[in-house]
Amino acid sequence: MRLLLITLLLVSSLYSKSGILDIEWSKVTQKQQKPSIPYPNVLTKGVKDTRLPVYIPRLFAYDKNMVVVADRYFYTISFILKDATIMISGDRTFQEDFSNQGSKFQKMMKASNVVEFSIEEEARIITANFNKQGANYELQIECQTKSDKRCIKEDFIKNLYKQLIVVGGNK
């Protein structure tokens, strides 16, 4: 199913115009949390130019060993755990017009759920895909062993998703 969706998105990008999503900043400011102490420099400097809300799980907001890769319209932040890696990414780009409007493809590309969880058991990866304030996000956990419960059951990722806080992003 995931392979089908990825293939459809790649095909759609061939027949579409890309653009930048509008962020609903009024909804962001209500939810943004003010830190009691400053966030680590790796985080604040890494996302200072990012033009979308930067979400990370509250438990990892002060992890100085996080890896941050960011640009104006996307970011990826990774946290290395014992036998697992957590990654969260945000993306403000989108595909706009389809040349084959009215086709079966358009029907397949209906609006998605608020958050969609998926488990890739063979790859030992569990993901949560969601849209907040007009941007696309993915929270992902990759485990080193097949028996790691963090990548077998949705409990761990659901808990991380519930703990997401805004730690940066500019208008």
*Total residues in region 115-160, condition without any contact (Cβ under 8 Å) to a residue 60 or more places away in the chain and either on the phi > 0 side of the Ramachandran plot or not in a strand (DSSP E or B) (or both)*: 15
*Please determine, by comparing only the residues of region 162-171 that are touching a helix residue (DSSP H, G or I) at 6+ places or on another chain (Cβ under 8 Å) and not aliphatic (A, V, I, L, M), which one is modelled with the highest pLDDT.*
Q163
*Is it the case that region 143-161 has a residue that's in contact with a helix residue (DSSP H, G or I) (Cβ under 9 Å, 6 or more places away or on another chain), surrounded by fewer than 18 Cβ atoms within 10 Å (Cβ to Cβ) and of a type in the set (F, W, Y)?*
no
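The values are calculated or read from the model by the stated rules, or taken from the named source; none is laboratory data. In this text the structure is predicted, and so the values were computed from the model without any measurement. We place every Cβ from the backbone using ideal geometry, glycine too, and count neighbours over all the protein chains shown.
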